Amino acid sequence: MKNLLYKQDQNPISKIWNVEGNKYNEYAGSEFPTVITTYRLTEHHLSGVMSRYLPWLAELMPELFVEVSPEFAKEKGITNGEYVTVSSSRGKTHARALVTKRLRPFNLDGKIVHHVGMPWHWGYMGISTSDIANNTSAFVADPNVSIHEAKAFTCKIEKGKV
Amino acid sequence: MFVDTTVCTGCKACQVACKQWNEIEPGSGPIGMTDEKAVRDRTAFTGDSYDNTGHLNSYDWRHVKFIEQIGPDKTTSDRTGARWLMMSDSCKHCEQAGCLEVCPTGALYRTQFGSVDIRQDVCIGCRYCVGACPFGVIEFNKNTGRVNKCILCQDRLEQGMSTACAKACPTSSLTYGKVDDLKRMAADRVRALHARGQTDAYVYGWDLGNTGKITAGPNAGTAVKDMEVVGGLNVFYLLMDKPEVYGLPQAPSLPQRNFAPSAGVALISAAVLGVTGLAAFRRRRMAEVAVTAE
């Protein structure tokens with residue numbers, strides 16, 4: 001999709017390591033049409049390595065989930081609490097679907113683009129374990145301080161564990 | 001304790017602080033954290049917003065509710081007036097506590113701080129209190145054979161400290177103090193919110209005389225006013241919508257509401273039985289008199 005605000009779509013000097021294991025999603029006519037943002041939960045400290053081991057916190061957030069809008073859930077036939085697969089050209093993540101109206105589809109240049117949200121604190125160790133959200137985010141860094149763009153990228157959502 | 005739901009961020013710090021201070025074993029809830037299979041089966045994910053606890057019970061003495069009000073209902077795409085209400089719920093330590101009044105052993109008692117505590121060694125696990133609580137707070141603990149609920153950190157209060165939840169709350173949504181002071185604080189807070197146009201704020205638990213109107217959500221336009229509940233609640237709430245939205249009863253009643261009618265019925269039946277008995281004796285006596293006369 002063309003950027004309506006600027007002529008330049010992407011920072012030309014951003015650091016992209018387009019190597020095996022770190023494939024970058026093409027965004028024009030992509031097979032990964034869904035926008036995804038990742039964020040923290042109050043139950044977790046930093047990446048969860050300090051807090052996923054604490055049973056009192058682990059029981060409050062027992063499992064990784066991906067928040068989807070009811071419109072998108074209807075389109076994909078996803079029900080609340082069901083497993084979905086979030087994938088990108090770099091990797092995939094299995095998570096439970098949390099259908100909520102807090103997320104809304106975007107109307108971008110007349111085209112409906114769906115948005116999903118996923119917390120990123122889980123891992124394979126600790127009491128509460130799940131797939132890792134950053135399996136799907138490519139390591140692309142900003143040119144100044146190499147902060148990578150794991151907060152917002154594109155993905156594909158499929159029903160069930162694929 | 002005063003619970004200002006307008007500033008609650010749903011961080012659940014109160015839940016964790018409660019379990020830590022009261023030494024409630026982690027994983028005694030829906031997910032057994034020491035049970036590897038239960039962890040793998042992951043029965044705890046509810047899919048109900050960020051709430052994975054569900055309700056108050058014998059191991060969750062405090063519970064943060066998440067209420068998503070986005071548009072008029074869940075089926076349409078209308079998202080006007082969206083708000084996400086959060087409320088930290090616990091035992092209300094009622095002035096007229098149903099649990100306390102039905103307890104046959106005196107295990108539930110009124111403390112010097114006005115809260116309702118449980119003497120675990122006196123509780124016999126009869127569960128009368130479970131049915132008597134109008135809020136569904138108290139629950140039978142299958143592990144100990146006794147009942148559990150929030151005891152307002154009795155041990156902390158005795159040492160002059162505030163409760164663990166109020167101490168942990170980062171936004172001062174939970175405030176511990178003297179109920180009269182807290183009532184003044186609540187009245188000030190409602191006034192301040194109303195002055196800002198947030199006219200849906202009112203107090204649940206005591207009647208401080210505030211009236212308002214809900215500004216957003218499915219109940220927008222509905223008039224709300226302060227309500228005194230079961231003689232007043234020592235843990236009272238500042239709400240932004242009808243009590244039912246927060247899972248609180250609109251007009252909770254105690255089991256003793258049936259006492260006067262049932263006592264009346266008992267008296268009437270006693271009178272009827274007495275009269276019938278007397279009539280029976282008299283008939284028998286008359287029959288005996290008739291026999292001797294012959």
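The values are calculated or read from the model by the stated rules, or taken from the named source; none is laboratory data. Predicted, not measured: the structure shown is a model, and the values here were computed from it. FYI the Cβ positions are ideal-geometry reconstructions off the backbone, even for glycines, and counts take in every protein chain you see.
Can you tell me which residue among A:Val99, A:Val35, A:Val68, A:Val86 is within 14 Å of chain B (Cβ to nearest Cβ) and under 12 Å from the mean Cα position of the chain (by Cα)? Lay out the reasoning, then the answer.
Values: A:Val99 fails: under 12 Å from the mean Cα position of the chain (by Cα); A:Val35 fails: within 14 Å of chain B (Cβ to nearest Cβ); A:Val86 fails: within 14 Å of chain B (Cβ to nearest Cβ).
A:Val68 is the lone residue from the list that is within 14 Å of chain B (Cβ to nearest Cβ) and under 12 Å from the mean Cα position of the chain (by Cα).
Within segment A:21-31, can one find any residue that is among the hydroxyl-bearing types (Ser, Thr, Tyr), within 23 Å of B:Ser49 (Cα to Cα) and more than 11 Å from chain B (Cβ to nearest Cβ)? No, segment A:21-31 contains no residue that is among the hydroxyl-bearing types (Ser, Thr, Tyr), within 23 Å of B:Ser49 (Cα to Cα) and more than 11 Å from chain B (Cβ to nearest Cβ).
When the residues of segment B:124-140 are filtered to those that are in contact with a Ser or Thr (Cβ under 7 Å, 6 or more places away or on another chain) and buried (at least 19 other Cβ atoms within 10 Å of the Cβ), which remaining residue is farthest from B:Gly98 (Cα to Cα)? For segment B:124-140, the residue satisfying everything is B:Glu139.
Residue under question is A:Pro12, and the condition is that it be over 22 Å from A:Ile132 (Cβ atoms) and under 15 Å from the mean Cα position of the chain (by Cα); does it hold?
On the way: over 22 Å from A:Ile132 (Cβ atoms): yes; under 15 Å from the mean Cα position of the chain (by Cα): no.
No; evaluated as a whole, the condition is false for this residue.
Consider segment B:259-294 and keep the residues that are modelled with pLDDT under 85 and under 41 Å from the mean Cα position of the chain (by Cα). The one that is surrounded by the most Cβ atoms within 10 Å (Cβ to Cβ) is B:Phe259.
A quick yes/no check of all residues on (1) surrounded by fewer than 18 Cβ atoms within 10 Å (Cβ to Cβ); (2) at pLDDT 90 or above:
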site: A:Thr85; (1), (2): no, yes
site: A:Thr100; (1), (2): no, yes
site: A:Met125; (1), (2): yes, no
site: A:Val140; (1), (2): no, no
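Name the single residue, out of those in segment B:69-95 being assigned to a loop (DSSP other than H, G, I, E, B) and modelled with pLDDT of 90 or more, that is farthest from the other protein chains (Cβ to nearest Cβ). By that ranking, first place goes to B:Glu95.
Under the condition of being in a loop (DSSP other than H, G, I, E, B) and polar (S, T, N, Q), the residues counted in segment A:133-162 number 4.
Restricting attention to segment B:76-87, does a residue exist that is out of contact with any helix residue (DSSP H, G or I) (no Cβ under 8 Å at 6 or more places or on another chain), buried (at least 21 other Cβ atoms within 10 Å of the Cβ), of a type outside the set (Lys, Arg) and in contact (Cβ under 8 Å) with a residue 40 or more places away in the chain? Step through it out loud before you land on a result.
Going residue by residue through segment B:76-87, those that are out of contact with any helix residue (DSSP H, G or I) (no Cβ under 8 Å at 6 or more places or on another chain) are B:76, B:78-84.
Restricting the remaining residues to those that are buried (at least 21 other Cβ atoms within 10 Å of the Cβ) gives none.
Within segment B:76-87 (the criterion being out of contact with any helix residue (DSSP H, G or I) (no Cβ under 8 Å at 6 or more places or on another chain), buried (at least 21 other Cβ atoms within 10 Å of the Cβ), of a type outside the set (Lys, Arg) and in contact (Cβ under 8 Å) with a residue 40 or more places away in the chain), the answer is no, since none of the residues qualifies.
Checking each residue in segment B:97-113 for being surrounded by 14 or more Cβ atoms within 10 Å (Cβ to Cβ) and either part of a loop (DSSP other than H, G, I, E, B) or free of Cβ contacts under 8 Å to residues at least 12 places away in the same chain (or both) picks out B:Ala97, B:Cys103, B:Ala107, B:Tyr109, B:Thr111, B:Phe113.
I'm trying to understand the selection: among the residues of segment A:36-48, which are assigned to a loop (DSSP other than H, G, I, E, B) and at pLDDT 85 or above?
To start, the set of residues in segment A:36-48 that are assigned to a loop (DSSP other than H, G, I, E, B) comprises A:40-48.
Residues satisfying the conditions are A:Arg40, A:Leu41, A:Thr42, A:Glu43, A:His44, A:His45.
If you go through segment A:18-49 and keep only what is surrounded by 13 or more Cβ atoms within 10 Å (Cβ to Cβ) and hydrophobic (A, V, I, L, M, F, W, C), you end up with A:Phe32, A:Val35, A:Ile36, A:Leu41, A:Val49.
Please find, within segment B:215-236, the residue that is surrounded by the fewest Cβ atoms within 10 Å (Cβ to Cβ) out of those that are closer than 24 Å to B:Thr175 by Cβ and β-branched (Val, Ile, Thr).
To start, the set of residues in segment B:215-236 that are closer than 24 Å to B:Thr175 by Cβ comprises B:224-236.
Next cut, β-branched (Val, Ile, Thr) only: B:224, B:229-230, B:235.
On the way: B:Val224: 22, B:Val229: 25, B:Val230: 19, B:Val235: 23.
Only one residue tops the list, namely B:Val230.
Scanning segment A:48-65 for residues that are more than 11 Å from chain B (Cβ to nearest Cβ) and among the aliphatic types (A, V, I, L, M) turns up A:Val49, A:Met50.
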